[in-house]
Amino acid sequence: MTVNVGVIGVGMIGKDHIRRLTTVLAGAAVTAVTDVNLDEAKRVAGSVPGGATAHGTGQELIDDRAVDAVVVCSWGPTHEEYVLAAIAASKPVFCEKPLATTQAACRRIIDAEVAFGRRLVQVGYMRRYDAAYRALKAVIDSGDIGTPTMLHSTHRNPSVPGHYTREMAITDTAVHDIDVSRWLLGDEIIGVRVFKPRKNSLGGELEDPLFILLEMAGGALVDIETNVNIRYGYDIRGEVVGETGTASLGAGGPVTLRRNNLVADEVPADWRERFIGAYDVEFQEWIDAVRDGGTFGPSSWDGYAAAVVSDAAVEALHSGERVAVDLGDQPDLYA
């Protein structure tokens, strides 16, 4: 069976997912697209292998009987509308982060999915599909380093665009570290503080870097460094400290070079280079789950938890104080 996919939003990430679905992965076809720029949607539709229908609205695409499942890559504030519409149409939906832009909107999605009675939503937290992160989680789950006590997580960018704000260092950048912390440690976050180190002069007026401290319900601490004007490359690091040992993500490049009394590793240029394999695995597993009725990956609850913790971290950034995190009761659907 081929899963016929409709893609809402044909910007950079939407186009990349269309390429992935049509030329890299197995078991899927893109049969419909839409975008706020309809002319661009028509152009992209014409370039899809086998052709695709360009719809005027996201609702039209979701209602299209030729669409089995939906991928949402549009502007964040539109996500709630399209995810709720997909649930109402009983169609699986892959939503790029954020699930929605407010906690209340995330809760409405959770309520709709719970009322439907089974999961239809997957949120695009691709680090869970990265080979290095999966290897790190396997070590943690094996017990080989004992119970985790700390997680050090680093997220460095060479630069960011001019519209990037200090809040985005949390809501756009650290949100991936927030999600992967919950996943790696299998625990919820109960408190957050944000510290402001000495500013990087290359960031202009931006408050950069930031140091975020998460308190886990089980007692472990997670520190997250966001450093988005560091110039030398896109560098993602992670180390778990256990009671009897430590485990770290591997270096960014395929080889470590030793010569002329120096040791060197390659550093990826950007997020696409670092995580392209993770995106491929993420979508292949989603397609397989849609086709076979299997279990989807990061859930609406995960999207909601990321929103709650991000909001608390933004509050902590402004106040300088510890902010408690309360997710409320988790529905049985996501247990």
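In the condition set (1) touching a residue at least 60 places away in the same chain (Cβ under 8 Å); (2) in the same structural domain as residue 241 (by TED's automatic domain parsing); (3) of a type outside the set (Ser, Thr, Tyr); (4) not in a helix (DSSP H, G or I), residue 163 is compliant with all but (1). Within the stretch 14-29, the set of residues being touching a residue at least 24 places away in the same chain (Cβ under 8 Å) and within 22 Å of the chain's Cα centre (by Cα) comprises 14, 15, 16, 17, 18, 20, 21, 22, 24, 25, 28.
Tally the residues that are closer than 26 Å to residue 17 by Cβ and either assigned by TED's automatic domain parsing to the domain that holds residue 92 or out of contact with any helix residue (DSSP H, G or I) (no Cβ under 8 Å at 6 or more places or on another chain) (or both), restricting the search to the stretch 132-144.
Quick first cut of the stretch 132-144, residues closer than 26 Å to residue 17 by Cβ only: 132-137.
Add one more test, that the residue is either assigned by TED's automatic domain parsing to the domain that holds residue 92 or out of contact with any helix residue (DSSP H, G or I) (no Cβ under 8 Å at 6 or more places or on another chain) (or both), and what stays is 132, 135.
Of the residues in the stretch 132-144, 2 are closer than 26 Å to residue 17 by Cβ and either assigned by TED's automatic domain parsing to the domain that holds residue 92 or out of contact with any helix residue (DSSP H, G or I) (no Cβ under 8 Å at 6 or more places or on another chain) (or both).
With the condition being in contact with a strand residue (DSSP E or B) (Cβ under 9 Å, 6 or more places away or on another chain) and of a type in the set (Val, Ile, Thr), I'd like the strands (runs of 3 or more DSSP E) fully within the stretch 179-298 carrying at least 3 qualifying residues. Even if it seems obvious, please write down each step before you answer.
Values: elements: 189-195, 210-216, 221-227, 235-242, 246-248, 256-259, 262-265.
Fully inside the stretch 179-298 and qualifying: 189-195, 221-227, 235-242.
When you check residue 210 against the structure, is it surrounded by fewer than 19 Cβ atoms within 10 Å (Cβ to Cβ) and farther than 22 Å from residue 272 by Cα, yes or no? No. The residue pairs whose first member lies in the stretch 31-58 and is within 14 Å of residue 4 (Cα to Cα), whose second member is acidic (Asp, Glu) and at pLDDT 95 or above, and whose beta carbons are closer than 8 Å, counting only pairs six or more residues apart or on different chains, are 31/64; 32/64; 53/64. Counting only residues that are under 18 Å from residue 306 (Cα atoms) and either surrounded by fewer than 18 Cβ atoms within 10 Å (Cβ to Cβ) or hydrophobic (A, V, I, L, M, F, W, C) (or both), the stretch 153-178 holds 8 of them. Pairing residues of the stretch 106-121 that are over 21 Å from residue 285 (Cα atoms) with residues that are part of a loop (DSSP other than H, G, I, E, B), at Cβ distances under 6 Å and at least 6 apart in sequence or on separate chains, gives 106/99; 106/100; 114/331. Within the stretch 236-249, the set of residues being buried (at least 19 other Cβ atoms within 10 Å of the Cβ) and in contact with a His (Cβ under 9 Å, 6 or more places away or on another chain) comprises 236, 238, 240. Scanning the stretch 66-111 for residues that are in contact with a strand residue (DSSP E or B) (Cβ under 6 Å, 6 or more places away or on another chain), assigned to a loop (DSSP other than H, G, I, E, B) and either surrounded by fewer than 16 Cβ atoms within 10 Å (Cβ to Cβ) or of a type in the set (Val, Ile, Thr) (or both) returns 66, 67.
Considering the stretch 118-160 alone, what residues qualify as being closer than 15 Å to residue 97 by Cβ, in a strand (DSSP E or B) and out of contact with any Leu (no Cβ under 8 Å at 6 or more places or on another chain)? Within the stretch 118-160, 122, 155 qualify. Of everything in the stretch 133-169, what is closer than 17 Å to residue 237 by Cβ, out of contact with any strand residue (DSSP E or B) (no Cβ under 8 Å at 6 or more places or on another chain) and not basic (Lys, Arg)? Give them in sequence order. Result: 135, 158. Checked against the criterion of being loosely packed, with under 14 Cβ neighbours inside 10 Å and over 30 Å from residue 204 (Cα atoms), the stretch 278-293 contains one or more residues that satisfy it. Restricting attention to the stretch 38-52, which residues are in a loop (DSSP other than H, G, I, E, B) and either within 25 Å of the chain's Cα centre (by Cα) or within 17 Å of residue 287 (Cβ to Cβ) (or both)? Across the stretch 38-52, the qualifying residues are 48, 49, 50, 52.
The values are calculated or read from the model by the stated rules, or taken from the named source; none is laboratory data. Small disclaimer: the values here were computed from a predicted structure and weren't measured. Don't worry about glycine lacking a Cβ; one is built from the backbone with ideal geometry, like all the others, and counts go over all protein chains shown.
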